[in-house]
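Contents: one structure, followed by commentary.
The values are calculated or read from the model by the stated rules, or taken from the named source; none is laboratory data. Please read all numbers here as calculations on a predicted model, not as lab measurements. Neighbour counts run over all protein chains shown; Cβ positions are idealised from the backbone, glycine included. Side chains included, ligands, DNA and RNA excluded: accessible areas come from the protein's heavy atoms. Shrake-Rupley method; radii C 1.70, N 1.55, O 1.52, S 1.80 Å.
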Amino acid sequence: MNIKHNIIFSGSNPISLDRDDQSIIDDMNQNLKRFYFNLVNIVSLNQVNTDTVEIVIERVLPASHLQNGLLNYIDESIISGMNESCFVVPYTAQTVIAPIFPLGPCCFSPDKEFYKLYIHLVKICTGEKVKRVAITATTSEIRMTVEFGSRIPHRYRPDITAMTTKYGDLEKLRGQTITATLQDFSGICQRDNPKIASYTGLGKFLKSEYDITLDIRSQKSKN
């Protein structure tokens, strides 16, 4: 997986998503085993795009834990790592993750409230901004999609997309220099009035985010 974000899953320790899929799955499953042994397992991770990951969790639990197709306290404890009693009455949780606060008169969080809570927990534990969380539950699995706030500024997204199409995965070019003439590079990353100075900001972003040096030369310097 090649996604530059961190997440928490069934605990408060940040899990880097910038690693191979199996090591990420192993870390998540290790957390789950503390409470559910081998009854709950991560079975797949899918990088939807550079800022979105989909996690599929398989579980062998009674169908009675589902409540009208919504997440219930067992699902929420699986995902967050909180003790199940955090979401039920009476509120006597020995919490695994902090801070924790009761949600509503019954301390039970329906989908919408749980999303808010999970986004908050990811923020305090990892510093990551999560834009969206979508979770669907069936009797046998939980499918969870987390979309992070993009690390790529909006103004450079078309440039990064175009450069990836031309040069491939930019992560694999770390420490390297991309050299191109102004004429050639303006055909990749378009500007209304292409000048070398037009790419100064992009060059700084590439250096800071990917450790790539952008060397754009005029046609005269090529000769």
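Some notes on this structure:
- Of all residues in region 162-188, those satisfying the criterion of being of a type in the set (Val, Ile, Thr) and either surrounded by 13 or more Cβ atoms within 10 Å (Cβ to Cβ) or under 18 Å from LYS204 (Cβ atoms) (or both) are THR164, THR177, ILE178, THR179, THR181, ILE188.
- Any hit, region 146-155, residues being assigned to a helix (DSSP H, G or I) and at pLDDT below 90: yes
- Selected residue [polar (S, T, N, Q), open to solvent by less than 60 Å² (accessible area, probe 1.4 Å) and part of a strand (DSSP E or B)] from ASN41, ASN29, ASN46, ASN2: ASN41
- Pair list, Cβ under 8 Å, 6 or more apart: region 196-223 residue under 14 Å from ILE160 (Cα atoms) and at pLDDT 85 or above, other residue open to solvent by less than 80 Å² (accessible area, probe 1.4 Å) and basic (Lys, Arg): TYR199/ARG191
- Residue pairs meeting the criteria (Cβ under 8 Å; at least 6 apart or on separate chains; first open to solvent by 30 Å² or more (accessible area, probe 1.4 Å), in region 118-130; second in a helix (DSSP H, G or I)): LYS129/LYS123
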